[in-house]
Amino acid sequence: MSSISASASEFINAPTTAPTAAPTEEVFSPHTSPHIASEAVPSQPLPSPQTPLTPAITTQHSKLWRPKQVLVTPDAYEEAWGQQIIARVQALGIPVTRLSQNRITGLKGKTEQETYAKAKNTMAIVNAPVGQLKLTPIPPSADWQFHLAHGCPAHCQYCYLAGSLSGAPVVKVYANLPTILENLANYEKENQHTTYEVSCYTDPLGIEHLTGSLAACIRYFGTRKSAQLRWVTKFDSVDSLLDLPHQGHTRCRISVNADPVSRTLEGGTATVEQRLQGVRKLALQGYPIGLVVAPIMAIANWQTHYETLFNQVSQALNFECDLTFELITHRFTPKSKEVLQSWYPKSPLDLEEANRSQKRNKFGGVKYVYPKDTMAALKEFIQSQIDARFPNAEILYWT
Ligand code: SF4
């Protein structure tokens, strides 16, 4: 374990791009499950910013999430980073309530759906629990995971968080970010690349206009010699990240899917086209980028829909860049099914156990995945689509 070479607060205190315009209205929308240990920190010349789109595409930004209320705990209120978040939120005209205790209460509705709606319209500024400073591995996505928030403003009807987070789905953002970042160096090893995933419990870009925390992470990783940050999003507001001193130490990924899946099941997110334009801008600024195709679903005519998706991707990324793919098929657990069906009772999402194979983890937990033949057909088709268009891109994993 290496010692900290500089205080994380230096990166935290660097000027952040404050929101300049109030978001227009609320939007509705992990990611990553799966990583690649020891991915080399890339370094490559900037692609030409003149690279034209063919054909030219003009895509508007998606709407930014605007919570109806922001709650702040007493401990978070004492943190300088907490105050910075409060200032951002107040600049957007969103009411902030200082709580008298460090617990978030008052979000329970009469029904599950009422609780869901109330929680999804609330952002809480809290300190990350001390236990989160003990990092856990997140294979195959990264060596370690850490968190800048817990909960997501989007409304994906297959959301992986449904099975892994407890309580009402309020978006809790962390005020003790300097402590969180300072702790990361303890997990670096001399002369070895270490990767860190920050999108396991949230969509960091979906809340960036309210927190500035992702930019602080990118700045911090820009100062580390052998550590790489990885994050993934279904949003597109990347402008505040473009000029950061990232030094190629952050891989920015977008999650993409076939149009029927994205349009029907990913409420409150940016469209796939908007996400592609966002990641294109990041690549043109020299960031390593990635596409997480997830969750891959064997919907009707899936071959046609995924082929269309990859055509869209090649149009947006029509230049050489440091590009990786992560391929994750749809799966669910008994618990995630129960939670998702209470949140989205009318969802067309196929959660029928009879259509799936059971897979057990080492603790005996069950998940439902596509049967072997379906899985093999999906894998072969999608990998061939990528190989044909992006021969230099690396497929990090299929799961
Ligand atoms: S973007 Fe969608 S899948 Fe990802 S955490 Fe948010 S709601 Fe869940």
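The values are calculated or read from the model by the stated rules, or taken from the named source; none is laboratory data. Worth saying up front: this structure is predicted, and the values here are computed from it rather than measured. For neighbour counting, all protein chains shown are included, and Cβ atoms are generated from backbone atoms with ideal geometry for every residue, glycine included.
Going through T271, T250, T233 one at a time, which residue ends up being within 12 Å of the ligand (Cβ to nearest atom) and either within 19 Å of I289 (Cβ to Cβ) or touching a Phe, Trp or Tyr at 6+ places or on another chain (Cβ under 8 Å) (or both)? Write out each step before concluding.
On the way: T271 fails: within 12 Å of the ligand (Cβ to nearest atom); T250 fails: within 12 Å of the ligand (Cβ to nearest atom).
Step by step, each of T271, T250, T233 is checked, and only T233 is within 12 Å of the ligand (Cβ to nearest atom) and either within 19 Å of I289 (Cβ to Cβ) or touching a Phe, Trp or Tyr at 6+ places or on another chain (Cβ under 8 Å) (or both).
State the number of residues belonging to the range 312-341 that are in a helix (DSSP H, G or I), hydroxyl-bearing (S, T, Y) and more than 16 Å from L161 (Cα to Cα).
First, the residues of the range 312-341 that are in a helix (DSSP H, G or I): 312-316, 334-341.
Still in the running and hydroxyl-bearing (S, T, Y): 314, 336.
Those left that are additionally more than 16 Å from L161 (Cα to Cα): 314.
Looking only at that region, the number is 1.
Please find, within the range 189-200, the residue that is nearest to the ligand (Cβ to nearest atom) out of those that are assigned to a loop (DSSP other than H, G, I, E, B) and buried (at least 24 other Cβ atoms within 10 Å of the Cβ). Step through it out loud before you land on a result.
Residues of the range 189-200 assigned to a loop (DSSP other than H, G, I, E, B): 190-191, 193, 198-200.
Imposing the further condition that a residue be buried (at least 24 other Cβ atoms within 10 Å of the Cβ) reduces the set to 198-199.
Values: V198: 12, S199: 8 Å.
My answer is S199.
Could you please find all residues in the range 266-296 being within 25 Å of K379 (Cβ to Cβ), out of contact with any helix residue (DSSP H, G or I) (no Cβ under 7 Å at 6 or more places or on another chain) and part of a helix (DSSP H, G or I)?
Result: R275, V279.
Restricting attention to the range 220-240, and to residues there that are within 28 Å of G268 (Cβ to Cβ) and of a type in the set (K, R), which single residue is nearest to the chain's Cα centre (by Cα)?
Filtering first and then ranking leaves K234.
Please enumerate the residues belonging to the range 158-173 that are more than 9 Å from the ligand (Cβ to nearest atom) and either part of a loop (DSSP other than H, G, I, E, B) or under 15 Å from W231 (Cβ atoms) (or both).
The first filter runs over the range 158-173 and keeps only residues more than 9 Å from the ligand (Cβ to nearest atom), leaving 163-168, 170-173.
Listed by number, the residues that qualify are L165, S166, G167, A168, V170, V173.
Of the residues that make up the range 176-188, is at least one buried (at least 19 other Cβ atoms within 10 Å of the Cβ), away from the ligand (no atom under 16 Å from the Cβ), within 26 Å of V369 (Cα to Cα) and of a type in the set (D, E)?
The answer is no; no qualifying residue exists.
I'd like the residue in the range 297-318 that is of a type in the set (S, T, Y), within 27 Å of F332 (Cβ to Cβ) and in contact with a helix residue (DSSP H, G or I) (Cβ under 9 Å, 6 or more places away or on another chain) and, out of all such residues, is farthest from the ligand (Cβ to nearest atom).
T308
Residue by residue through the range 59-92, note down the ones that are out of contact with any helix residue (DSSP H, G or I) (no Cβ under 9 Å at 6 or more places or on another chain) and either assigned to a helix (DSSP H, G or I) or over 27 Å from E266 (Cα atoms) (or both).
Residues satisfying the conditions are P74, E78, A87, Q90, A91.
Suppose we filter S100, S141, S164, S199 for residues that are under 24 Å from N257 (Cβ atoms) and modelled with pLDDT of 95 or more; which single one remains?
Details: S100 fails: under 24 Å from N257 (Cβ atoms); S141 fails: modelled with pLDDT of 95 or more; S164 fails: modelled with pLDDT of 95 or more.
Exactly one of S100, S141, S164, S199 is under 24 Å from N257 (Cβ atoms) and modelled with pLDDT of 95 or more, namely S199.
On the basis of being in a loop (DSSP other than H, G, I, E, B), surrounded by fewer than 19 Cβ atoms within 10 Å (Cβ to Cβ) and at pLDDT 95 or above, does G109 make the cut?
On the way: in a loop (DSSP other than H, G, I, E, B): yes; surrounded by fewer than 19 Cβ atoms within 10 Å (Cβ to Cβ): yes; at pLDDT 95 or above: no.
No.
Run L241 past the list (1) touching a Lys or Arg at 6+ places or on another chain (Cβ under 8 Å); (2) farther than 30 Å from E352 by Cα; (3) aliphatic (A, V, I, L, M) and report the number of the one that doesn't hold.
The one condition L241 does not meet is (1).
If only one of Y287, Y196, Y201 is of a type in the set (F, W, Y) and more than 25 Å from A393 (Cβ to Cβ), which one is it?
Y201 is the lone residue from the list that is of a type in the set (F, W, Y) and more than 25 Å from A393 (Cβ to Cβ).
Just for the range 134-154: of the residues that are more than 22 Å from E326 (Cα to Cα) and more than 13 Å from the chain's Cα centre (by Cα), which one is farthest from the ligand (Cβ to nearest atom)?
Here the residue is K134.
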